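Okay, so here's the structure we're looking at.
The values are calculated or read from the model by the stated rules, or taken from the named source; none is laboratory data. All figures in this text were calculated on a predicted structure; none of them were measured in a lab. Every residue, glycine among them, receives a Cβ derived from its backbone with ideal geometry; neighbour counts consider all protein chains shown. SASA here: full protein model, heavy atoms, side chains in, ligands and nucleic acids out. Shrake-Rupley method; radii C 1.70, N 1.55, O 1.52, S 1.80 Å.
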Amino acid sequence: MNLITATGVVYAREMRPTLRNPMAIITGLIQPLLYVALFGPLLSTFALPGVSSGGGTPWTWFIPGMLVFTTLFGTAFAGADIMYERDMGSLERLLASPLNRVALLVGQVGRQLTTLLLQALVLIVLVLPFGLDVDPLGTVLGLVMLLVLAAGVGVGSLGLGLVLKQAYLFYTAVQTAILPLMLTAGMLLPMDAAPGWLFWLSRINPLTHVVNAERALFAGNFGHPSILIALAITVLGCAGATAFALRAIRKLSA
């Protein structure tokens, strides 16, 4: 079985429960919609970069950050699924087969990518009538970058789930890692008015560049310097996470 076929088999196996019960997709959409409904109206009280100068609407600033937020939380806990499969014994049966290990990881995280893409498209379409103004090409490129980010975070989470034996350690590690990244990346609030130390923390946060790049792409500002930086961060991060997860799964198979 070649890599593509094996990936398709694992992907179909992962998607089957979701298609039978799409509540996971629906409930996953509720959280970003609540942020849009309850947090979005406050945006007019903030001086958002590029908005007050006529560079777009508050939604053009907010929705790309919201999508990065959703991507982070939608994939960071992917490792919990593989821990459950390990505890139930199904992972052991998969590893005893000649199934390609890369296919196993890609197929596993493919379900999260599909769910996130559907949620992102629904969110964008729902907010368009309320003033979200996006560049079509930039939106497509922004979604592709989000998928690369999601793949890296998801595969890294799978690797962490393979390394750690206790679920509470996994959840503690993930929450400890993503919370400061989320709070200092300026996803939901601008960091320009933050105290100096907090502003510089946001500057060294790699996710800040991804958020800025998403906003630039959605606005059609293809010359923004954050785009190339974010591209390098997401691609190299995804490659590093894949190497980490492959090492973990091969060690488990040995």
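Using a probe radius of 1.4 Å on heavy atoms only, what accessible surface per residue do you get for segment 141-254? Whole Å² is fine.
49 Å²
Over the chain, what is the relative contact order in whole percent, taking alpha-carbon pairs under 8 Å and six or more residues apart?
This gives 28 percent for the chain.
Any chance you could run the full-extension gain for Leu117 through Ala232? It's 0.36 nm times the residue separation minus the Cα-Cα distance, nm to one decimal.
Full extension of this stretch gives 39.3 nm more.
Between Arg250 and Arg13, 0.36 nm times their residue separation minus their Cα-Cα distance comes to what?
Length gained between Arg250 and Arg13: 83.2 nm.
Would you kindly give the portion of the calculated P(r) for segment 176-254 that falls above 22 Å, as a percent of all Cα pairs?
37 percent
Using the membrane-span-like helix rule (whole DSSP H runs, Cα extent along the own axis of at least 18 Å, mean Kyte-Doolittle hydropathy at least 0.0), which helices of the chain qualify?
Helices passing the filter in the chain: 3-20, 23-38, 58-75, 101-127, 136-163, 167-183, 206-218, 225-253.
Please work out the average accessible area per residue across segment 1-132, using the 1.4 Å probe convention, and give it in Å².
Solvent-accessible surface per residue comes out at 50 Å².
Specify the inter-centroid distance of segment 193-254 and segment 95-156, based on alpha-carbon positions, in whole Å.
Centre-to-centre (Cα) distance: 15 Å.
Pull out the extension gain between Leu198 and Val144, defined as 0.36 nm times the separation in residues minus the alpha carbon to alpha carbon distance; nm, one decimal.
Answer, rounded to one decimal: 16.5 nm.
Can you tell which of Ala151, Leu252, Tyr11 lies farthest toward the positive end of the dipole of the chain, using +1 and -1 charges on the Cβ of basic and acidic side chains (Lys, Arg; Asp, Glu)?
Comparing the listed Cα positions along the dipole, Leu252 ranks first.
Determine the share of the chain's accessible area contributed by carbon and sulfur atoms, expressed in whole percent, with a 1.4 angstrom probe.
71 percent
Can you work out the base-10 log of I(q)/I(0) for the chain at q = 0.08, 0.14 1/Å, using the Debye formula on its C-alpha atoms alone?
-0.33, -0.96
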